[in-house]
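Following: one structure in structure tokens, then a few remarks.
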Amino acid sequence: MRKNGLAGLIPLYFIILIDNLSVSLIIPVLIPISYDADIGIMSSGGTGTRDLFYGVAIGSYSLAMFLGAPLLGSLSDHLRRKQTLVLCLLGLALGYALTVWALLRQDVVLFVAARVIGGLFSGSLPVAQAAILDVTPKERRVNSIGLIMFCVSTGYVVGPLIGGYLSDSTLVSWFDLKTPFLFVAGITLLNLLVLLVSYREEPAPRPAGRMAFPNPVRHLAESFAFPGVRTLSAALLLMSLGWTAFFQFIGLYLTANEGFDQRAVTNLISVVGVGLAAAFLSLVPLSMKYLEPRVAVAGALAGMTVCIAGTALTGSTAVLYALCLVGAATYGISYSGLVGMMSAAVDDGHQGSVMGTAGAIAALSAGLSGVVLGAVDGSSAVPVLSAAVFAFLAFLLFAVKRAGGGSREQARESTDRTPAP
């Protein structure tokens, strides 16, 4: 194994950062893109049409990620990690470039196509994570995982700031809706050059035979067949539907109903990122240290339900910020606890499948919630209240099953192998 220094791994950590800021970058800027007739992508159209476009634009990215991530995983085995990551960065840069072109042309179809292309190549987190651990000595892997989680969390904080502030013409006269995408396309290509120059991958034998094209839907269905994972996977799906619906639509709801402007939405989504960072970097280890995982998860799911519902009911900005901060932290605890328990429920030979299931659930739930709730009534309170209902159903399913005895893996619950969301 080649022991790369930290400098040689920097582009890998940056890939993880870019991957995660791509998810949150779009939230504040997509609202004016969809709803502002003067500067957005549609000069005409009713609220229902714009709601549908918003939902499809935000959901298509995650649905494409759901389809593309397993393929990228297979490619990383056959083409090796570095070549696959180069492909991911090129695909992301292409997606951002096409997004800018679509905005210039005011082409709705091209904009959605650009989102799909970006999503197909954005599932690089597992590949980058594996590449880091491949070349990191065992005694330093805990530190590497900590840096990975730092990059994940930072992406959720920095993404909305880039999207919101780099598109704000009141700050700099030449900033507009295209500027954030141009900026991220630029740093993506810069990171590609650094990756090509600094990262050295040790040659390894490739798998024999032709590369298989994985079926993510079948893989997800088969994963639910594990007896110890079934209930946990269902709870994770419901919880993820709740969180992604909230994350995708809270800014739109506040803009349409509470008079929030783009800067206010940007700041709020960044606060959500801070809550996620606090959860993944400190609150998860603390909660799992002092509480049984089933207790921590049940409490976090209950707290997440209350916080999400409260955001649609409160009229206080200070309370709203507090609810978003705590809600994000409870999501982080819930996600980590559920995935850790899924990991503990199966043997070492099935860890890859279970971790793949968790990633697939996260991507699929984000895609479905975006498209479906956007089509229903994206700018109303429906998506936010639906998010609270999904979180509550996850709590009920988890609490009832665990109180009834659940499966025997409770004694082995652990979050040691929890992946990044």
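The values are calculated or read from the model by the stated rules, or taken from the named source; none is laboratory data. Being a predicted model, the structure only gives us computed values, none of them experimental. All Cβ positions, glycine included, derive from the backbone under ideal geometry; neighbour counts span all protein chains shown. Just the protein is used for accessible areas: all its heavy atoms, side chains included, with ligands, DNA and RNA removed. Shrake-Rupley method; radii C 1.70, N 1.55, O 1.52, S 1.80 Å.
Brief remarks follow.
- Residue in the stretch 164-180 that is most open to solvent (accessible area, probe 1.4 Å), counting only those that are aromatic (Phe, Trp, Tyr) and closer than 18 Å to Val265 by Cα: Tyr165
- Against the criterion of being hydroxyl-bearing (Ser, Thr, Tyr) and closer than 25 Å to Gly55 by Cβ, Tyr96 qualifies.
- Put simply, of Thr305, Thr317 the only residue that is of a type in the set (Val, Ile, Thr) and over 26 Å from Thr154 (Cβ atoms) is Thr305.
- Every test in (1) more than 16 Å from Leu338 (Cβ to Cβ); (2) open to solvent by 10 Å² or more (accessible area, probe 1.4 Å) is passed by Ala298 save one, and that test is (1).
Rundown of residues vs (1) on the phi < 0 side of the Ramachandran plot; (2) touching a residue at least 60 places away in the same chain (Cβ under 8 Å); (3) open to solvent by less than 40 Å² (accessible area, probe 1.4 Å), yes/no style:
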position: Pro11; (1), (2), (3): yes, yes, yes
position: Leu17; (1), (2), (3): yes, yes, yes
position: Asp38; (1), (2), (3): yes, no, no
position: Ile41; (1), (2), (3): yes, yes, yes
position: Thr47; (1), (2), (3): yes, yes, no
position: Asp51; (1), (2), (3): yes, yes, yes
position: Tyr61; (1), (2), (3): yes, yes, yes
position: Phe66; (1), (2), (3): yes, yes, yes
position: Ser74; (1), (2), (3): yes, yes, yes
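- Taken residue by residue, the stretch 104-113 has at least one member that is open to solvent by 30 Å² or more (accessible area, probe 1.4 Å) and among the basic types (Lys, Arg).
- Near pairs, Cβ below 9 angstrom, 6+ apart or cross-chain, from the stretch 360-386 (over 21 Å from Arg115 (Cα atoms) and part of a loop (DSSP other than H, G, I, E, B)) to any residue that is open to solvent by less than 30 Å² (accessible area, probe 1.4 Å) and among the aliphatic types (A, V, I, L, M): Ala381/Ala312
- Residues satisfying the stated conditions in the stretch 264-294, i.e. more than 22 Å from the chain's Cα centre (by Cα) and surrounded by fewer than 20 Cβ atoms within 10 Å (Cβ to Cβ): Leu286, Lys289, Tyr290, Leu291, Glu292, Arg294
- Number of positions in the stretch 181-222 that are at pLDDT 70 or above, open to solvent by less than 60 Å² (accessible area, probe 1.4 Å) and not in a helix (DSSP H, G or I): 2
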